[in-house]
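The structure under discussion appears below in the form of structure tokens.
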Amino acid sequence: MRIGELSRCTGVPVPTIKYYLREGLLPAGELTSPNQAAYGDEHVRRLRLIRALLDVGGLKIAAIAEILAAVDDPDEPVHHVLGVASDLLVARPVQQEEDAARESAVRRVEELIRRRGWRVAPDGPGAELLAGALASMERLGHGDFRQMLETYADAAEQVARADLEYVAGRTSRDVLVQGVVVGTVLGDAVLDALRQMAQTDQSARRYGVAPPGGGDGAARDG
């Protein structure tokens, strides 16, 4: 297909496609004449991945280039490629002061990683984000929230297994990384929505609030 057809197929404007080509994010097409090139399905997949990283993942061009470099390196194990994408998609924690709450939180995160045998770096973005959250809870007087960590970790493992099962049957590295974007960004939105609904339901059950529309919720489901 020509560049105009590639644009219509993906919804990406021609000038933007040309910019991605200049920046090396999109591989060049096959020259059919000095001024014309043909593009194929691999260009469609790559454009959709770039847009997912940009529009859904909220990444900058430099970060996208880093991910795509890993995708295109045949010597990079798939685990590392997915790790690069995942690390860049995780929100970076705000730098916090090094106080007793922060030191205690870092130790708890390191202990959690060891206890569960997780193969993650204790100074990685996820661990840093968790330590920052726990430290903030400690300062707000909710240090006992650490008792919930195992329950949260159990749920996180279950969700992580589901995420990887979702992308397990995909062989294209582009599609695998796109699956990580979906699981990390849109999956978080789905998880937050489900959690909010479940909390509302549990609160209503605990405090005796009738379900919307009246009657018994279980009966309505039957």
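Would you confirm whether or not the stretch 69-80 contains a residue that is farther than 30 Å from L49 by Cβ and more than 21 Å from the chain's Cα centre (by Cα)? There is no residue in the stretch 69-80 that is farther than 30 Å from L49 by Cβ and more than 21 Å from the chain's Cα centre (by Cα).
Those helices (runs of 4 or more DSSP H) of the stretch 142-222 in which 3 or more residues are at pLDDT 80 or above and among the hydrophobic types (A, V, I, L, M, F, W, C) occupy 149-168, 187-206. Evaluating L89 against the criteria (1) touching a Ser or Thr at 6+ places or on another chain (Cβ under 6 Å); (2) surrounded by fewer than 18 Cβ atoms within 10 Å (Cβ to Cβ); (3) of a type outside the set (S, T, Y) leaves one unmet condition, (2). Quick check on the stretch 26-39. Is at least one of its residues among the hydrophobic types (A, V, I, L, M, F, W, C) and part of a helix (DSSP H, G or I)? The answer is no, given that none of the residues of the stretch 26-39 is among the hydrophobic types (A, V, I, L, M, F, W, C) and part of a helix (DSSP H, G or I). Restricting the stretch 49-72 to residues that are over 19 Å from R22 (Cα atoms) and part of a loop (DSSP other than H, G, I, E, B), the residue that is modelled with the highest pLDDT is G58.
The condition of being open to solvent by 40 Å² or more (accessible area, probe 1.4 Å) and either under 30 Å from R146 (Cβ atoms) or touching a helix residue (DSSP H, G or I) at 6+ places or on another chain (Cβ under 9 Å) (or both) holds for R48. Contact annotation: no residue pair with Cβ atoms under 7 Å, 6 or more positions apart or on different chains, pairs a residue in the stretch 85-111 that is closer than 15 Å to G183 by Cβ and of a type in the set (A, V, I, L, M) with a partner that is open to solvent by 40 Å² or more (accessible area, probe 1.4 Å) and at pLDDT 90 or above.
The values are calculated or read from the model by the stated rules, or taken from the named source; none is laboratory data. Please read all numbers here as calculations on a predicted model, not as lab measurements. Every residue, glycine among them, receives a Cβ derived from its backbone with ideal geometry; neighbour counts consider all protein chains shown. Please note that ligands, DNA and RNA were not included when accessible areas were found on the heavy atoms of the full protein model with its side chains. Shrake-Rupley method; radii C 1.70, N 1.55, O 1.52, S 1.80 Å.
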